[in-house]
1. I'd like the full set of residues that are surrounded by 19 or more Cβ atoms within 10 Å (Cβ to Cβ), among the polar types (S, T, N, Q) and in a helix (DSSP H, G or I), limited to region 1-57.
2. Name the single residue that is farthest from the ligand (Cβ to nearest atom) among those in region 177-186 being crowded, with 24+ Cβ neighbours inside 10 Å and closer than 18 Å to Ile273 by Cα.
3. Looking at region 393-410, which of its residues are of a type in the set (A, V, I, L, M), in a helix (DSSP H, G or I) and in contact with a helix residue (DSSP H, G or I) (Cβ under 6 Å, 6 or more places away or on another chain)?
4. Scan region 362-370 and give yes if some residue there is part of a strand (DSSP E or B) and more than 26 Å from Glu422 (Cβ to Cβ), otherwise no.
5. Given (1) small (Gly, Ala, Ser); (2) under 22 Å from Pro400 (Cα atoms); (3) modelled with pLDDT under 95; (4) away from the ligand (no atom under 16 Å from the Cβ), where does Ser193 come up short, assuming only one miss?
6. How do the pairs read when you match residues in region 304-330 that are in contact (Cβ under 8 Å) with a residue 24 or more places away in the chain and aliphatic (A, V, I, L, M) with residues anywhere that are surrounded by fewer than 17 Cβ atoms within 10 Å (Cβ to Cβ) and part of a helix (DSSP H, G or I), using Cβ under 8 Å and keeping only pairs 6 or more apart or on different chains?
7. Which condition number in (1) touching a strand residue (DSSP E or B) at 6+ places or on another chain (Cβ under 7 Å); (2) outside any helix (DSSP H, G or I) is the one that Gly374 fails?
8. Is there any pair with a first residue in region 155-176 that is crowded, with 22+ Cβ neighbours inside 10 Å and a second that is in a helix (DSSP H, G or I) and of a type in the set (S, T, N, Q) whose Cβ atoms are under 7 Å apart and which are 6 or more apart or on different chains, and what are they?
Amino acid sequence: MLEMFKGYKGAALETLQKYKARVWGETVIDTTRGTFTGIILPRSENDDDRHIVLKLETGYNIGITVGTITGMREIGYRKANYKIPEKEFPTSPEKPNVRLFGTGGTIASRLDYRTGAVIPAFSPGELYGAVPELADICNLTTEKLFGVFSENMGPKEYKTLAKAIGEAIRGGIDGIVVGHGTDTMHHTAAALSFMVQNSPVPIVLVGSQRSSDRPSSDAALNLIHATTTAAHSDIAEVLVCMFGPTSDEYALLHRGTRVRKMHSSYRSTFRTIGDFPVATVQKGVVTPLRNDYRKRRIDREVTVLPYFEEKVSLLYYYPNMMPDIIDSLVDKGYRGIIIAGTGLGHVNKAVYPAIERARRKGVAVYMTVQTLWGYAHMFVYDTGRDLMNLGVIPAENMLPEVAYIKLGWALGQTDDLDRVKEIMLTPVSGEITRREPYNGYLILQGGVPEVEHFLKTFHK
Ligand code: ASP
């Protein structure tokens, strides 16, 4: 796309062209709601096509709806200097080869503080231009697959990503890094855990909570930790690599099916749920915290299973849920429902008939728990037993989002509900475990040093 219209498309692009306006132009815009003067900022490729974004002299950015614009006049030009040069990556035959797939998210964007613009096309290539340490770790090649914030990732993207990873592995790559928005990174990690099996090399998802030019950004360090893991660790699993403690002491590697984003803004947002993390990464060293992980083995053949049934839903139970919610899913042709129930796996009696109807119509219904830690134990109370009699299957200690992804993946492969059950309840990559360590949440996840620090403030 032309620099002068950077990020603009559809109606917004037409409006710029009509009035001969351009990005970085200091512009007077007449609208039906008044006249505004400011600098037209570039937009992200993920943004809508109905607004022109203007940085006002006050420093505020506003979005002007194109339908309200009656005239535009350029009175000056003030281009922000935001480009990070793509650096030629120094390679050497001694270093392992790592492929970085870009999907989007904060890790692929940065802010320009002079203009306040969110700079979009921050390609993985530019990213490693900005993090020269990467060259000490591996020979890095990048491929941008998508440029989306992660709420826009879905089955289509999962399949494309799984296939691309499979190809890179078959091509002999030593490790994979996937740059991804953090919000749904755990969904994608689960999808890859099921879709890419038997990998001989590590597959490491990484993101950042703060964009790469903020002083507190976690982007560079996360990338360094993730590439270190992909290049040098012997953990050939799908992993999420992000800050362990809130400080930048070390990163944690979480198993792709046991991880969840748990804080909306902390850099240490990811936590392994129901288990211990797999390893820490600190100053170029990966230290396993357990030994039951799948080891790197070059002679192993990767299997790519890119299946997904989109008509699957995840229902978060709340008191007074009405049966019509479930009825409408069934009527709309949904083939699978994961319920995140209360406690050991409960819903109110009012929805029982709807669940029974769903089962009669051949919809697969599985129960997970909102508590996240622990198992759906439906034998304990009558209500749990009643639900099981209606055909609801407890999904052990699979996390609700993971069960959602797995059910989509299972129903994408077969209509046979017995086979689906077999797939659902046979662990592929740690999504069901035999027991949960009682102290997993506190230990080894960055909790303890922070608690100590906190306590010290009382014992001065
Ligand atoms: N909303 C962003 C995303 O998930 C947040 C991030 O990248 O951390 O894509």
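1. Thr15
2. Of everything passing the filter in region 177-186, His186 is farthest from the ligand (Cβ to nearest atom).
3. Val402, Ile405, Ala410, listed by residue number.
4. So far as region 362-370 goes, no, none of its residues is part of a strand (DSSP E or B) and more than 26 Å from Glu422 (Cβ to Cβ).
5. (3)
6. Taking only residues 6 or more apart or on different chains, the pairs are Val304/Lys163; Leu315/Ile325; Met321/Ala350; Met322/Ala350; Ile326/Arg357; Val330/Arg357.
7. In the conditions (1) touching a strand residue (DSSP E or B) at 6+ places or on another chain (Cβ under 7 Å); (2) outside any helix (DSSP H, G or I), Gly374 misses (1) alone.
8. Tyr158/Thr188
The values are calculated or read from the model by the stated rules, or taken from the named source; none is laboratory data. For clarity, every value in this text was computed on a predicted model and none was experimentally measured. All Cβ positions, glycine included, derive from the backbone under ideal geometry; neighbour counts span all protein chains shown.
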